[in-house]
Amino acid sequence: MKKSAVLLAIFATLGTGSASFADGAMDTGKSCVGSSVAMVVDVPEGIIVDTAYKCPYKATKSLASAFGDENGWKQNIVGAVIGIPAGAVFGVPYGAVKGGQHAMSVGYDKPFSKEAFVVSNENK
């Protein structure tokens, strides 16, 4: 059972790279392997970054702004009490999707480069 789950995960990871070739033929397998390896790294990294920092911070600031003053201390406290847990919950799927999107685009264009393995702050 454990072997089949591991094999399924490996084949699913390698299969996600083939979708990036939908618009044309591939010259080498380097782009496919690069985007698949980037997928393995970028999805967990995106989940961690978005769950721990980006989504809770954005939720806190947006709630504080909705409560009247983005820089007010009372609004920021209430925004943090509501926004940090909500941002952490919604950061998991958001980070998985954004990490996968980053892996497919940058991992295919620049396989095995530094940019392919670091989910950057492209949407500040």
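Quick notes
- Y108 being modelled with pLDDT under 90 and either crowded, with 18+ Cβ neighbours inside 10 Å or more than 30 Å from C32 (Cα to Cα) (or both): yes
- Enumeration of residues in segment 30-65 that are touching a Phe, Trp or Tyr at 6+ places or on another chain (Cβ under 7 Å) and among the small types (G, A, S): S31, G34, S35, A38
Residue-wise test of (1) at pLDDT 90 or above; (2) more than 20 Å from F117 (Cβ to Cβ).
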residue: K2; (1), (2): no, yes
residue: A5; (1), (2): no, yes
residue: A9; (1), (2): no, no
residue: T13; (1), (2): no, no
residue: A22; (1), (2): no, yes
residue: G29; (1), (2): no, no
residue: K58; (1), (2): yes, yes
residue: W73; (1), (2): yes, yes
residue: A86; (1), (2): yes, yes
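The values are calculated or read from the model by the stated rules, or taken from the named source; none is laboratory data. Small disclaimer: the values here were computed from a predicted structure and weren't measured. Cβ atoms come from the backbone with ideal geometry, glycine included; neighbour counts cover every protein chain shown.
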